[in-house]
Amino acid sequence: MSKIMVIAGGDWQIELVKQAKKMGHYVICSNLYEDSPAFPYADACEVANVLDKQKNLEIAKKYMPDAIISDQSDIAVPTVAYLNEQLGLRGIGMEMANLFTDKSRQREFCKLHGIPVPDFKLCETPDEAYEMLEKYGKIIIKPIDSQSSRGVFTVETKEELDRKYSETLSWSNRKKAFLAEEYIDGDEFTIDGLVINGNHYPLCISVKEMYPHNPNVSRMQSYSYLSDRHDYDLLRKTNKNLIETAGLSMGLTHSEYKAHNGKFYLVEAGARGGGSNLSAKIVPFMSGINNYEYLIKEALGESVDEEAVKNNVFDEEKYVVMRFFDFGEGIVKRVSGAELLSSHPMMIDYQLKLKPGDILSQPAYGRLRPGHFIIGGIGREKVIAEAEKIINTVKVEFE
(Lines give C-alpha, C1' and ligand atoms only; values in the text may rest on other atoms or scores of the structure.)
Protein backbone atom coordinates (compact mmCIF):
# COMPACT_ATOMS: atom_id res chain seq x y z
CA MET A 1 0.00 0.00 0.00
CA SER A 2 1.30 3.41 -1.01
CA LYS A 3 0.25 6.77 0.42
CA ILE A 4 -1.33 9.22 -2.03
CA MET A 5 -1.93 12.88 -1.17
CA VAL A 6 -4.69 14.59 -3.15
CA ILE A 7 -4.61 18.37 -3.18
CA ALA A 8 -8.16 19.86 -3.32
CA GLY A 9 -11.22 18.04 -2.08
CA GLY A 10 -14.24 19.40 -3.88
CA ASP A 11 -16.87 17.49 -5.83
CA TRP A 12 -14.56 16.97 -8.79
CA GLN A 13 -11.82 15.30 -6.74
CA ILE A 14 -14.10 12.59 -5.29
CA GLU A 15 -13.54 10.14 -8.15
CA LEU A 16 -9.77 10.57 -7.98
CA VAL A 17 -9.78 9.77 -4.26
CA LYS A 18 -12.05 6.78 -4.90
CA GLN A 19 -9.78 5.47 -7.67
CA ALA A 20 -6.71 5.68 -5.44
CA LYS A 21 -8.59 3.81 -2.72
CA LYS A 22 -9.79 1.21 -5.25
CA MET A 23 -6.16 0.59 -6.17
CA GLY A 24 -5.41 -0.17 -2.52
CA HIS A 25 -3.72 3.06 -1.49
CA TYR A 26 -3.96 5.15 1.68
CA VAL A 27 -5.30 8.60 0.72
CA ILE A 28 -4.67 11.94 2.39
CA CYS A 29 -6.83 14.81 1.13
CA SER A 30 -6.34 18.51 1.86
CA ASN A 31 -8.87 21.25 1.15
CA LEU A 32 -10.02 24.57 2.58
CA TYR A 33 -13.23 23.39 4.27
CA GLU A 34 -13.79 20.86 7.05
CA ASP A 35 -16.88 19.55 5.25
CA SER A 36 -15.18 19.23 1.86
CA PRO A 37 -17.08 16.76 -0.38
CA ALA A 38 -14.11 14.46 -1.01
CA PHE A 39 -13.14 14.12 2.66
CA PRO A 40 -15.51 11.22 3.51
CA TYR A 41 -13.79 9.08 0.87
CA ALA A 42 -10.23 9.68 2.12
CA ASP A 43 -8.36 7.99 4.97
CA ALA A 44 -6.99 11.25 6.40
CA CYS A 45 -8.31 14.78 5.92
CA GLU A 46 -6.50 18.05 6.52
CA VAL A 47 -7.82 21.62 6.22
CA ALA A 48 -5.63 23.85 4.05
CA ASN A 49 -6.16 26.33 1.26
CA VAL A 50 -5.16 24.80 -2.07
CA LEU A 51 -3.13 27.95 -2.78
CA ASP A 52 -1.18 27.72 0.51
CA LYS A 53 1.96 25.86 -0.53
CA GLN A 54 3.63 26.01 2.88
CA LYS A 55 0.64 24.69 4.82
CA ASN A 56 0.24 21.84 2.35
CA LEU A 57 3.97 21.13 2.60
CA GLU A 58 3.61 20.81 6.38
CA ILE A 59 0.80 18.30 5.86
CA ALA A 60 2.86 16.38 3.30
CA LYS A 61 5.83 16.18 5.68
CA LYS A 62 3.49 14.90 8.38
CA TYR A 63 2.32 11.95 6.26
CA MET A 64 5.27 11.58 3.82
CA PRO A 65 3.18 10.39 0.85
CA ASP A 66 4.62 8.38 -2.02
CA ALA A 67 2.81 10.55 -4.57
CA ILE A 68 1.02 13.90 -4.62
CA ILE A 69 -1.63 14.55 -7.27
CA SER A 70 -4.77 16.51 -8.12
CA ASP A 71 -7.21 16.88 -10.98
CA GLN A 72 -9.82 19.24 -12.47
CA SER A 73 -8.34 22.26 -10.65
CA ASP A 74 -5.91 24.72 -12.25
CA ILE A 75 -5.10 26.41 -8.95
CA ALA A 76 -3.94 23.08 -7.47
CA VAL A 77 -1.38 22.43 -10.23
CA PRO A 78 1.41 24.74 -8.94
CA THR A 79 0.94 23.53 -5.36
CA VAL A 80 1.19 19.89 -6.42
CA ALA A 81 4.32 20.64 -8.47
CA TYR A 82 5.92 22.55 -5.59
CA LEU A 83 5.29 19.78 -3.06
CA ASN A 84 6.62 17.13 -5.41
CA GLU A 85 9.80 19.13 -5.97
CA GLN A 86 10.28 19.71 -2.24
CA LEU A 87 9.85 16.04 -1.39
CA GLY A 88 11.65 14.62 -4.42
CA LEU A 89 8.54 12.94 -5.82
CA ARG A 90 7.51 12.51 -9.46
CA GLY A 91 5.72 15.48 -10.98
CA ILE A 92 5.75 17.94 -13.84
CA GLY A 93 7.93 20.54 -12.07
CA MET A 94 7.22 24.16 -11.16
CA GLU A 95 8.37 25.56 -14.49
CA MET A 96 5.88 23.41 -16.37
CA ALA A 97 3.14 24.04 -13.80
CA ASN A 98 3.57 27.79 -14.25
CA LEU A 99 3.48 27.50 -18.04
CA PHE A 100 0.17 25.64 -17.88
CA THR A 101 -1.50 27.92 -15.32
CA ASP A 102 -0.27 31.40 -16.28
CA LYS A 103 -2.24 32.40 -19.38
CA SER A 104 0.12 35.23 -20.28
CA ARG A 105 3.18 32.95 -20.21
CA GLN A 106 1.30 30.31 -22.16
CA ARG A 107 0.39 32.78 -24.90
CA GLU A 108 3.94 34.07 -25.13
CA PHE A 109 5.12 30.46 -25.48
CA CYS A 110 2.58 29.77 -28.24
CA LYS A 111 3.50 32.96 -30.08
CA LEU A 112 7.17 31.99 -29.96
CA HIS A 113 6.50 28.49 -31.32
CA GLY A 114 3.96 29.35 -34.01
CA ILE A 115 0.91 27.92 -32.23
CA PRO A 116 -2.16 30.04 -33.12
CA VAL A 117 -3.41 32.34 -30.34
CA PRO A 118 -5.51 35.50 -30.49
CA ASP A 119 -3.64 38.80 -30.24
CA PHE A 120 -3.23 39.69 -26.55
CA LYS A 121 -1.77 42.18 -24.10
CA LEU A 122 -0.91 41.81 -20.42
CA CYS A 123 -2.46 44.72 -18.49
CA GLU A 124 -2.64 46.02 -14.94
CA THR A 125 -5.05 48.92 -15.51
CA PRO A 126 -7.99 49.50 -17.87
CA ASP A 127 -6.04 52.29 -19.56
CA GLU A 128 -3.53 49.69 -20.77
CA ALA A 129 -6.35 47.70 -22.39
CA TYR A 130 -7.92 50.67 -24.25
CA GLU A 131 -5.49 50.22 -27.15
CA MET A 132 -6.68 46.65 -27.71
CA LEU A 133 -10.31 47.72 -27.50
CA GLU A 134 -9.80 50.52 -30.01
CA LYS A 135 -7.92 48.17 -32.33
CA TYR A 136 -10.49 45.34 -32.36
CA GLY A 137 -13.74 46.93 -31.15
CA LYS A 138 -14.49 43.81 -29.11
CA ILE A 139 -12.14 42.07 -26.69
CA ILE A 140 -12.13 39.50 -23.92
CA ILE A 141 -10.59 40.30 -20.55
CA LYS A 142 -9.57 37.44 -18.27
CA PRO A 143 -7.47 36.73 -15.16
CA ILE A 144 -4.04 35.28 -15.82
CA ASP A 145 -4.52 32.26 -13.55
CA SER A 146 -8.05 31.52 -12.41
CA GLN A 147 -10.47 28.72 -13.35
CA SER A 148 -14.13 28.02 -14.24
CA SER A 149 -14.32 31.22 -16.34
CA ARG A 150 -14.19 33.38 -13.22
CA GLY A 151 -13.62 37.02 -14.13
CA VAL A 152 -13.86 36.41 -17.89
CA PHE A 153 -15.84 39.09 -19.75
CA THR A 154 -16.47 40.13 -23.33
CA VAL A 155 -16.40 43.94 -23.58
CA GLU A 156 -17.14 46.32 -26.43
CA THR A 157 -16.93 49.75 -24.77
CA LYS A 158 -14.62 51.61 -22.41
CA GLU A 159 -17.50 51.88 -19.94
CA GLU A 160 -17.86 48.08 -19.86
CA LEU A 161 -14.12 47.69 -19.45
CA ASP A 162 -14.05 50.17 -16.56
CA ARG A 163 -16.92 48.32 -14.83
CA LYS A 164 -15.55 44.81 -15.25
CA TYR A 165 -11.77 44.97 -14.97
CA SER A 166 -11.60 45.14 -11.16
CA GLU A 167 -13.53 41.85 -10.85
CA THR A 168 -11.23 40.30 -13.44
CA LEU A 169 -8.20 41.45 -11.45
CA SER A 170 -9.66 40.04 -8.24
CA TRP A 171 -9.49 36.50 -9.66
CA SER A 172 -5.78 36.70 -10.64
CA ASN A 173 -3.79 34.94 -7.93
CA ARG A 174 -0.08 35.16 -8.69
CA LYS A 175 -0.09 38.75 -9.94
CA LYS A 176 -2.68 41.51 -10.12
CA ALA A 177 -2.77 41.66 -13.88
CA PHE A 178 -5.18 40.59 -16.59
CA LEU A 179 -5.19 39.71 -20.27
CA ALA A 180 -6.88 41.86 -22.87
CA GLU A 181 -7.39 39.60 -25.84
CA GLU A 182 -8.68 39.93 -29.38
CA TYR A 183 -12.18 38.46 -29.69
CA ILE A 184 -12.38 35.88 -32.46
CA ASP A 185 -15.54 34.24 -33.76
CA GLY A 186 -15.88 30.51 -34.16
CA ASP A 187 -17.03 27.29 -32.55
CA GLU A 188 -15.23 26.38 -29.33
CA PHE A 189 -13.85 22.94 -28.50
CA THR A 190 -12.35 20.97 -25.65
CA ILE A 191 -9.81 18.20 -26.12
CA ASP A 192 -8.70 15.99 -23.24
CA GLY A 193 -5.74 13.67 -23.28
CA LEU A 194 -3.05 11.74 -21.48
CA VAL A 195 0.74 12.18 -21.52
CA ILE A 196 2.88 9.07 -21.13
CA ASN A 197 6.67 9.33 -21.33
CA GLY A 198 6.32 12.77 -22.93
CA ASN A 199 3.97 11.48 -25.67
CA HIS A 200 0.52 13.02 -25.87
CA TYR A 201 -2.53 10.89 -26.66
CA PRO A 202 -5.90 12.59 -27.30
CA LEU A 203 -8.81 10.75 -25.67
CA CYS A 204 -11.94 12.79 -26.38
CA ILE A 205 -13.14 15.98 -28.07
CA SER A 206 -16.23 18.12 -27.54
CA VAL A 207 -17.83 21.08 -29.26
CA LYS A 208 -19.36 23.67 -26.94
CA GLU A 209 -22.62 25.55 -26.86
CA MET A 210 -22.47 28.65 -24.67
CA TYR A 211 -25.13 30.26 -22.47
CA PRO A 212 -27.05 32.87 -24.50
CA HIS A 213 -26.49 35.53 -21.83
CA ASN A 214 -22.79 34.75 -21.41
CA PRO A 215 -20.65 33.62 -24.38
CA ASN A 216 -17.79 32.73 -22.01
CA VAL A 217 -19.61 30.01 -20.05
CA SER A 218 -20.47 26.62 -21.55
CA ARG A 219 -24.09 25.39 -21.39
CA MET A 220 -23.55 22.16 -23.32
CA GLN A 221 -20.63 20.07 -24.53
CA SER A 222 -21.18 17.32 -27.11
CA TYR A 223 -18.52 14.60 -27.36
CA SER A 224 -17.80 12.50 -30.41
CA TYR A 225 -14.87 11.32 -32.53
CA LEU A 226 -16.29 12.56 -35.82
CA SER A 227 -17.33 15.94 -37.20
CA ASP A 228 -18.77 16.87 -40.58
CA ARG A 229 -17.95 20.54 -40.03
CA HIS A 230 -14.49 20.62 -38.47
CA ASP A 231 -11.13 18.92 -38.99
CA TYR A 232 -10.65 16.97 -35.76
CA ASP A 233 -7.36 15.56 -37.04
CA LEU A 234 -6.03 19.12 -37.27
CA LEU A 235 -7.27 19.82 -33.74
CA ARG A 236 -5.49 16.73 -32.42
CA LYS A 237 -2.32 17.68 -34.30
CA THR A 238 -2.43 21.27 -33.03
CA ASN A 239 -2.88 20.18 -29.43
CA LYS A 240 -0.25 17.44 -29.63
CA ASN A 241 2.20 20.01 -30.98
CA LEU A 242 1.51 22.34 -28.06
CA ILE A 243 1.79 19.68 -25.33
CA GLU A 244 4.91 17.99 -26.70
CA THR A 245 6.67 21.23 -27.67
CA ALA A 246 6.11 22.45 -24.12
CA GLY A 247 7.71 19.25 -22.84
CA LEU A 248 4.99 18.08 -20.49
CA SER A 249 6.27 14.71 -19.29
CA MET A 250 3.25 13.04 -17.69
CA GLY A 251 -0.32 13.44 -16.53
CA LEU A 252 -3.69 14.55 -17.86
CA THR A 253 -4.38 17.46 -20.19
CA HIS A 254 -7.40 19.61 -20.90
CA SER A 255 -7.24 22.19 -23.69
CA GLU A 256 -9.77 24.54 -25.25
CA TYR A 257 -9.63 25.98 -28.76
CA LYS A 258 -11.67 28.13 -31.13
CA ALA A 259 -11.97 27.30 -34.82
CA HIS A 260 -11.27 30.42 -36.88
CA ASN A 261 -10.18 30.89 -40.50
CA GLY A 262 -9.16 27.26 -40.96
CA LYS A 263 -7.05 27.09 -37.80
CA PHE A 264 -7.59 26.18 -34.16
CA TYR A 265 -6.70 29.08 -31.85
CA LEU A 266 -5.77 28.22 -28.27
CA VAL A 267 -8.09 29.51 -25.55
CA GLU A 268 -6.25 27.73 -22.74
CA ALA A 269 -4.44 24.49 -21.98
CA GLY A 270 -4.23 22.87 -18.56
CA ALA A 271 -1.98 20.19 -17.12
CA ARG A 272 -5.00 18.52 -15.55
CA GLY A 273 -8.26 16.94 -16.67
CA GLY A 274 -11.45 18.78 -17.53
CA GLY A 275 -13.86 19.77 -14.75
CA SER A 276 -17.44 18.75 -13.94
CA ASN A 277 -16.21 15.14 -14.00
CA LEU A 278 -15.13 15.32 -17.64
CA SER A 279 -11.87 13.53 -16.90
CA ALA A 280 -13.39 11.25 -14.26
CA LYS A 281 -16.48 10.09 -16.14
CA ILE A 282 -16.59 11.18 -19.79
CA VAL A 283 -13.00 10.31 -20.80
CA PRO A 284 -13.24 6.69 -19.55
CA PHE A 285 -16.69 6.24 -21.12
CA MET A 286 -15.66 7.60 -24.51
CA SER A 287 -12.16 6.13 -24.74
CA GLY A 288 -12.36 2.99 -22.63
CA ILE A 289 -9.17 4.11 -20.88
CA ASN A 290 -8.93 4.55 -17.10
CA ASN A 291 -6.88 7.73 -17.20
CA TYR A 292 -6.91 8.08 -13.39
CA GLU A 293 -5.19 4.70 -13.06
CA TYR A 294 -2.49 5.94 -15.45
CA LEU A 295 -2.14 9.21 -13.52
CA ILE A 296 -1.71 7.46 -10.18
CA LYS A 297 0.70 4.81 -11.47
CA GLU A 298 2.88 7.38 -13.22
CA ALA A 299 2.98 9.56 -10.11
CA LEU A 300 4.14 6.52 -8.13
CA GLY A 301 6.78 5.68 -10.75
CA GLU A 302 5.10 2.39 -11.62
CA SER A 303 5.15 1.02 -15.16
CA VAL A 304 2.16 1.72 -17.37
CA ASP A 305 0.98 0.18 -20.61
CA GLU A 306 1.67 2.93 -23.15
CA GLU A 307 1.03 0.58 -26.08
CA ALA A 308 -2.56 0.03 -24.95
CA VAL A 309 -3.18 3.78 -25.19
CA LYS A 310 -1.17 4.19 -28.38
CA ASN A 311 -3.10 1.42 -30.16
CA ASN A 312 -6.50 2.09 -28.63
CA VAL A 313 -9.38 1.90 -31.11
CA PHE A 314 -12.08 4.50 -30.43
CA ASP A 315 -15.73 3.66 -31.01
CA GLU A 316 -16.87 6.30 -33.51
CA GLU A 317 -20.53 5.60 -32.72
CA LYS A 318 -20.19 6.72 -29.11
CA TYR A 319 -21.71 10.08 -28.22
CA VAL A 320 -21.96 12.01 -24.97
CA VAL A 321 -23.83 15.14 -23.97
CA MET A 322 -22.84 17.14 -20.91
CA ARG A 323 -25.67 19.61 -20.36
CA PHE A 324 -25.75 22.34 -17.72
CA PHE A 325 -29.19 23.40 -16.58
CA ASP A 326 -30.59 26.77 -17.58
CA PHE A 327 -33.60 27.25 -15.33
CA GLY A 328 -33.74 31.04 -15.30
CA GLU A 329 -33.75 33.43 -12.36
CA GLY A 330 -35.70 33.66 -9.12
CA ILE A 331 -36.30 32.05 -5.74
CA VAL A 332 -36.79 28.30 -6.03
CA LYS A 333 -40.22 27.08 -4.93
CA ARG A 334 -40.11 23.53 -6.24
CA VAL A 335 -37.95 21.20 -8.34
CA SER A 336 -39.80 18.59 -10.35
CA GLY A 337 -38.73 15.67 -12.51
CA ALA A 338 -35.36 15.22 -10.78
CA GLU A 339 -36.05 11.52 -10.21
CA LEU A 340 -35.31 10.97 -13.92
CA LEU A 341 -31.68 11.87 -13.27
CA SER A 342 -31.16 8.89 -10.98
CA SER A 343 -33.25 6.45 -13.01
CA HIS A 344 -32.27 7.20 -16.62
CA PRO A 345 -30.47 4.15 -18.09
CA MET A 346 -28.03 6.28 -20.12
CA MET A 347 -27.03 8.52 -17.22
CA ILE A 348 -23.26 8.71 -16.61
CA ASP A 349 -23.27 11.41 -13.95
CA TYR A 350 -25.35 14.30 -12.68
CA GLN A 351 -25.36 17.00 -10.03
CA LEU A 352 -28.42 18.92 -8.88
CA LYS A 353 -28.48 20.21 -5.31
CA LEU A 354 -31.26 22.80 -5.55
CA LYS A 355 -33.78 23.15 -2.73
CA PRO A 356 -36.71 25.47 -1.99
CA GLY A 357 -35.51 28.93 -1.04
CA ASP A 358 -32.34 28.84 -3.14
CA ILE A 359 -31.84 31.95 -5.26
CA LEU A 360 -30.94 31.37 -8.90
CA SER A 361 -29.41 33.93 -11.22
CA GLN A 362 -27.78 33.64 -14.61
CA PRO A 363 -24.30 32.14 -13.99
CA ALA A 364 -21.47 34.66 -14.24
CA TYR A 365 -18.93 31.81 -14.30
CA GLY A 366 -18.83 28.04 -14.40
CA ARG A 367 -19.12 27.18 -10.72
CA LEU A 368 -22.38 29.18 -10.49
CA ARG A 369 -24.20 26.92 -12.94
CA PRO A 370 -27.17 25.30 -11.16
CA GLY A 371 -26.29 21.69 -11.94
CA HIS A 372 -25.75 19.40 -14.89
CA PHE A 373 -26.15 15.90 -16.27
CA ILE A 374 -24.02 13.67 -18.49
CA ILE A 375 -25.60 11.00 -20.68
CA GLY A 376 -23.97 8.79 -23.25
CA GLY A 377 -24.60 5.93 -25.59
CA ILE A 378 -24.35 4.66 -29.14
CA GLY A 379 -25.69 7.01 -31.80
CA ARG A 380 -25.74 10.80 -31.89
CA GLU A 381 -29.47 11.21 -32.56
CA LYS A 382 -30.49 8.89 -29.73
CA VAL A 383 -28.31 10.63 -27.14
CA ILE A 384 -29.46 14.10 -28.21
CA ALA A 385 -33.11 13.01 -28.06
CA GLU A 386 -32.70 11.63 -24.54
CA ALA A 387 -30.92 14.81 -23.44
CA GLU A 388 -33.88 16.84 -24.67
CA LYS A 389 -36.26 14.61 -22.70
CA ILE A 390 -34.30 15.30 -19.53
CA ILE A 391 -34.22 19.05 -20.18
CA ASN A 392 -37.98 19.05 -20.74
CA THR A 393 -38.65 16.96 -17.63
CA VAL A 394 -36.42 18.48 -14.94
CA LYS A 395 -37.98 21.83 -14.12
CA VAL A 396 -37.79 24.56 -11.49
CA GLU A 397 -40.85 26.46 -10.32
CA PHE A 398 -40.11 29.89 -8.87
CA GLU A 399 -41.95 31.76 -6.14
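The values are calculated or read from the model by the stated rules, or taken from the named source; none is laboratory data. No experiment lies behind these values; they were computed from the predicted model shown. Quick reminder, even Gly has a Cβ in these numbers, built from the backbone with ideal geometry, and neighbours come from all protein chains shown. Heads up: the accessible areas ignore ligands, DNA and RNA and are worked out on the full protein's heavy atoms, side chains in. Shrake-Rupley method; radii C 1.70, N 1.55, O 1.52, S 1.80 Å.
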Practice prompt. Give the distance, in whole Å, between the Cα centre of segment 115-135 and the Cα centre of segment 237-276.
Written response: 22
Discussion item. Taking the solvent-accessible surface of protein heavy atoms with a 1.4 Å probe, what is the per residue accessible area of segment 4-94 in Å²?
Written reply: 40
Worksheet, complete the sentence: Placing each pseudo-label 7 Å from Cα in the direction of the beta carbon, Arg163 and Ser227 end up separated by a distance in nanometres of 3.3
Worksheet item: Highest GNM mean-square fluctuation, the chain, Cα pairs closer than 10 Å: which of Gly270, Gly186, Gly366?
Response: Gly186
Response to the item:
Once the in-chain neighbours fewer than 8 apart are removed, the lysines whose Cα is under 17 Å from Lys22 read Lys3, Lys281, Lys297
Worksheet item: Lys103: which lysines have alpha carbons under 19 Å from its alpha carbon, excluding same-chain residues fewer than 8 sequence positions away?
Response: Lys111, Lys121, Lys142, Lys164, Lys175, Lys176, Lys240, Lys258
Worksheet item: Want the number for Lys333 to Asn290: 0.36 nm per residue separation, take away the alpha-carbon distance, what's left?
Response: 11.4 nm
Worksheet entry | Surface accessible to a 1.4 Å probe, per residue, for the residues of segment 242-399, Å² | 43
Fill in: Dimensionless Rg ratio for segment 105-210, taking C-alpha atoms and the 2.2 N^0.38 Å reference
1.19
Worksheet item: aspartates and glutamates within cross-link reach of Lys318: Cα-Cα under 12 Å, excluding same-chain residues under 8 positions apart?
Response: Glu381
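For segment 11-82, report the translational diffusion coefficient in µm²/s to the nearest whole number, using Stokes-Einstein at 25 °C, 0.890 mPa s, and a Kirkwood Rh over Cα pairs. Mind dumping the intermediate values first?
On the way: Rh = 12.2 Å.
Here the translational diffusion coefficient equals 200 µm²/s.
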Response to the item:
For the chain, the accessible surface attributable to carbon and sulfur atoms (probe 1.4 angstrom, ligands and nucleic acids excluded) amounts in percent to 47
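With a Förster radius of 30 Å, plug the Cβ-Cβ distance of Tyr130 and Gln362 into 1/(1 + (r/R0)^6) and report the FRET value to the nearest 0.05. Write out the running numbers ahead of the final one.
Working: r = 28 Å, r/R0 = 0.93.
Rounded to the nearest 0.05, the efficiency is 0.60.
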Discussion item. At 1.4 Å probe radius, can you tell me the per residue accessible area of segment 188-227 in Å²?
Written reply: 27
Worksheet item: Excluding Cys45 itself, what net charge comes from residues whose Cβ is under 12 Å from its Cβ, given Lys and Arg +1 and Asp and Glu -1?
Response: -4
Worksheet entry | Convex hull per residue volume in Å³, alpha carbons only, for the chain | 140
Discussion item. 7 Å from Cα along Cα→Cβ at both Phe314 and Glu302: what's the point-to-point distance in nm?
Written reply: 2.7
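With n ≥ 4 as the cut-off for DSSP H runs, can you work out [θ] at 222 nm for the chain, using -39500 (n - 2.57) per run divided by the number of residues, rounded to the nearest 500?
Values: 13 runs with 126 residues, N = 399.
Theoretical 222 nm ellipticity from helices: -9000 deg cm²/dmol.
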